[in-house]
Amino acid sequence: MQEKGQKNVKRSILARVRLVFFAGVLLAFAIAYRIIHIQYIDGDEWRAKSNSFSKKEIKANRGNIYADDGSLLATSLPLYRLGFDPSVGKKEKKLAEIFNKGVDSLAFLLSQKFGTYSKEQYKDQLVDAHKGTKQFIYLSRGFSLTYRDQMELMKWPIFREGKNKGGVVFEKIYKRFHPFKELAFRSVGFVNEKSSGAGLESSFNQMLTGMNGQATYQQLAGGISRPIFDGTEIRPVDGLDVYSTLNVNIQDVAEASLQKALTSYQAKFGCVVVMEVKTGEIKAIANLGQRDGEYDENYNYAVAMNHYPGSTFKLASYMALFEEGKIKLNDTVHTGSGRYVIGKQVITEAKKHAYGSLSIKDAFAKSSNVAVSKLVVKNFKTNPDKYIKYITNFGLSEPLNFHIHGAPKPFFRNPSDKKHWNDAALAKMSFGYECLITPMQTLAFYNAVANGGKMIQPILVKEVKNNDQVQNKFEPKVIREKICSDETLLAVREMLEAVVENPKGTGHKIQNPLYKIAGKTGTAHKFQDGHWIDNAYYTSFAGYFPADNPKYSVIVIIDSPKFGLMAGDAAAPVFRDIADKIYAGDVEMHRMLAEKNTADDVPGVAAGKFEDLHEVCNRLGVSNYNSDTIHPEWVLPSKKANRTIYWKTNRTELGIVPDVKGMPLRDALYLLENYGYRVRTSGRGRVRNQIPNASQNIKKGETVYLTLG
């Protein structure tokens with residue numbers, strides 16, 4: 001029995017040994033087969049993968065864009081695009097099972113997350129890709145994923161297996177982020193994948209982009225690659241940071257005011273630009289156009305739109321006339337019934353007004369088309385090239401070469417164009433037709449008037465930096481040192497103030513008791529599809545404030561406001577709204593005006609000869625207006641307010657003592673002795689009292705006693 005038991009044990013051990021041996025032999029054959037398969041059948045593929053080296057581009061970080069106070073307007077954030085490699089697991093049964101088991105759930109989750117397709121459509125895409133020959137498909141088209149999204153998706157069926165087993169791929173991308181959302185969106189701009197775009201992003205694209213680097217990567221087994229730092233790598237150079245002149249608060253004010261007006265007037269589009277007078281720095285630039293019933297920044301009207309400037313261009317026409325020495329501020333121009341026929345062209349006043357005879361200043365304040373066209377045709381008819389030369393000298397016919405690319409070249413009808421040029425063309429150009437310029441061009445011109453005649457190129461970027469090191473600095477560039485003489489400048493500034501201060505001026509509705517506004521309305525008839533459109537206008541207001549010490553110049557455009565509104569009702573109130581809000585938040589402006597008003601609200605001018613007083617006030621920068629309709633010789637101040645003097649006629653008649661209080665002795669003697677009176681004086685200075693009093697009846701040869709002090 002014992003022998004039999006030992007034999008059974010030996011047979012059992014032998015069977016096990018044989019089993020292990022055969023298992024070893026089978027394993028050896030399997031290994032050999034796998035080696036042969038890898039070596040000869042899949043050898044080329046694996047050798048390529050294990051030994052492949054490739055050059056890969058390393059993206060540089062794009063630079064940031066900042067506002068004037070360092071607020072971030074645009075930056076790049078790391079995001080991800082979701083991709084899927086359907087080739088993973090095709091040849092491995094276990095991975096194929098993972099795919100087949102999880103594809104329904106994955107398709108459902110994708111439809112819930114992105115909503116681009118239904119569950120069934122997503123499933124069809126995944127299955128078709130898995131069965132087909134595609135190497136890669138995107139699953140998040142139109143969506144960018146955050147790191148948190150990536151962590152969420154890594155828990156989903158199939159994706160939880162990772163890149164090498166589940167085929168999930170998170171492609172890292174950098175997307176531009178605007179902390180202030182749509183604020184100044186068109187000015188900040190964008191760049192698409194083809195490197196075309198708009199705004200600062202496009203104009204400064206090369207600086208912002210930096211330089212991409214390059215490194216050698218080795219492809220390892222399992223789809224893993226690693227960088228090889230062998231001294232041949234090129235490190236990326238990050239993009240530079242752009243520091244703009246935009247002010248976040250003023251930009252917000254400009255956009256809000258423009259949006260409100262466009263919505264209220266149901267206008268097609270509009271734009272606003274706010275410029276700092278002394279530096280030419282753009283503090284706000286807003287562009288809003290109507291699309292699908294809403295307003296958004298879909299086009300940069302301020303920079304890229306050539307248009308008829310309308311009556312804002314009258315400023316240039318009057319400047320040419322003043323420079324030519326053809327007119328004076330109080331000259332009279334006859335506008336008759338409001339119609340001026342020149343050739344086959346009939347020029348009329350807006351809304352069929354009939355102004356009759358007007359002074360030059362009143363013609364400008366009331367925006368008479370007939371007045372300016374008559375004056376320009378009369379004085380430049382025989383030499384229209386001289387008029388065009390003045391326009392060129394004013395800096396209106398040359399591109400501004402602004403920081404944002406895409407501005408069209410100004411257009412002015414040329415007298416050498418015999419087919420289209422005639423006296424009517426000259427007349428129409430005088431009030432803003434037969435020429436095309438951008439709103440930015442108009443603003444630069446008005447800013448020059450506010451800046452003492454110096455025209456400065458508008459700038460939107462102050463500096464370009466590499467970290468804290470300045471790489472490029474943009475200083476104010478003078479386009480024209482002086483666009484006109486000081487005498488012309490004084491006259492046109494008075495005219496611009498009269499547009500707002502004159503009770504019948506086209507901008508009188510925006511008069512403000514706290515500070516003075518100077519500017520001009522512009523209403524241009526809309527021309528579309530070969531004909532003029534009834535009750536459709538391109539309205540604008542260009543000007544500056546405070547008028548006596550300008551700090552900001554502004555242009556407002558409102559296109560096609562409903563109800564046939566003109567510039568004084570549509571564009572001018574937007575200017576006032578923006579100016580009020582800027583003034584309210586500008587402590588420096590408050591202090592400046594308070595000091596001026598406290599120190600000397602108006603000079604101590606009481607009475608005298610109008611031409612002399614008017615000249616003195618103009619040279620001192622003091623606004624003064626004649627309150628009466630007739631041209632006076634002797635005047636008295638009827639009112640003094642906000643550094644402004646309003647004159648009234650000092651009535652003088654034979655036999656009636658004139659009012660000489662406040663006059664210097666020389667003027668008082670001249671006036672009284674010309675009326676045949678004898679004069680006795682006591683003291684020094686101006687006339688403080690007089691006996692007899694003004695308006696009393698006395699005979700020629702009697703004595704008037706004056707007390708000076």
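The values are calculated or read from the model by the stated rules, or taken from the named source; none is laboratory data. Treat the numbers as computed from the prediction; the structure is a model and nothing was measured. Here the Cβ positions follow ideal geometry from the backbone for every residue, glycine too, while neighbour counts run over all protein chains shown.
Observations on the structure shown:
- Identity of the residue in the stretch 336-382, of a type in the set (Lys, Arg) and under 20 Å from residue 420 (Cα atoms), that ends up surrounded by the fewest Cβ atoms within 10 Å (Cβ to Cβ): 344
- Unique match (being surrounded by fewer than 22 Cβ atoms within 10 Å (Cβ to Cβ), within 18 Å of residue 587 (Cα to Cα) and either modelled with pLDDT of 95 or more or not small (Gly, Ala, Ser) (or both)) among 503, 513, 546, 550: 513
- Counting only helices (runs of 4 or more DSSP H) that sit completely within the stretch 133-191, those holding 2 or more residues that are under 29 Å from residue 205 (Cβ atoms) correspond to 147-153, 185-188.
- Residue in the stretch 555-567 that is assigned to a strand (DSSP E or B), touching a helix residue (DSSP H, G or I) at 6+ places or on another chain (Cβ under 7 Å) and either surrounded by fewer than 17 Cβ atoms within 10 Å (Cβ to Cβ) or of a type in the set (Lys, Arg) (or both) present: no
- Residue that is modelled with the highest pLDDT, among those in the stretch 177-207 that are closer than 24 Å to residue 249 by Cα and among the acidic types (Asp, Glu): 201
- Scope the stretch 242-299; condition part of a strand (DSSP E or B), closer than 18 Å to residue 65 by Cβ and in contact with a Gly (Cβ under 7 Å, 6 or more places away or on another chain); matching residues: 242
- Residue identified as under 28 Å from residue 428 (Cβ atoms) and assigned to a strand (DSSP E or B) among 491, 542: 542
- Flag if residue 79 is part of a strand (DSSP E or B), modelled with pLDDT of 85 or more, touching a strand residue (DSSP E or B) at 6+ places or on another chain (Cβ under 6 Å) and not aromatic (Phe, Trp, Tyr): no
- The stretch 189-204, residues that are touching a Ser or Thr at 6+ places or on another chain (Cβ under 8 Å) and buried (at least 18 other Cβ atoms within 10 Å of the Cβ): 189, 191, 199, 200, 202
- Those helices (runs of 4 or more DSSP H) of the stretch 364-444 in which at least 3 residues are under 20 Å from residue 344 (Cβ atoms) and either of a type outside the set (Val, Ile, Thr) or outside the structural domain of residue 338 (by TED's automatic domain parsing) (or both), considering only elements entirely within it, cover 369-380, 423-429.
- Residue within the stretch 101-120 that is closer than 30 Å to residue 199 by Cα and either part of a loop (DSSP other than H, G, I, E, B) or assigned by TED's automatic domain parsing to the domain that holds residue 190 (or both) present: no
- Flag if residue 329 is assigned by TED's automatic domain parsing to the domain that holds residue 543, more than 34 Å from the chain's Cα centre (by Cα) and either in a helix (DSSP H, G or I) or of a type outside the set (Val, Ile, Thr) (or both): yes
- Looking across the stretch 672-686 at every residue that is modelled with pLDDT of 80 or more and surrounded by 13 or more Cβ atoms within 10 Å (Cβ to Cβ), the one that is nearest to residue 637 (Cα to Cα) is identified as 672.
- Residue satisfying condition, being aliphatic (A, V, I, L, M) and farther than 22 Å from residue 244 by Cα, within set 261, 302: 261
- Qualifying residue in the stretch 404-416 (condition: under 21 Å from the mean Cα position of the chain (by Cα), surrounded by 22 or more Cβ atoms within 10 Å (Cβ to Cβ) and more than 27 Å from residue 343 (Cα to Cα)): yes
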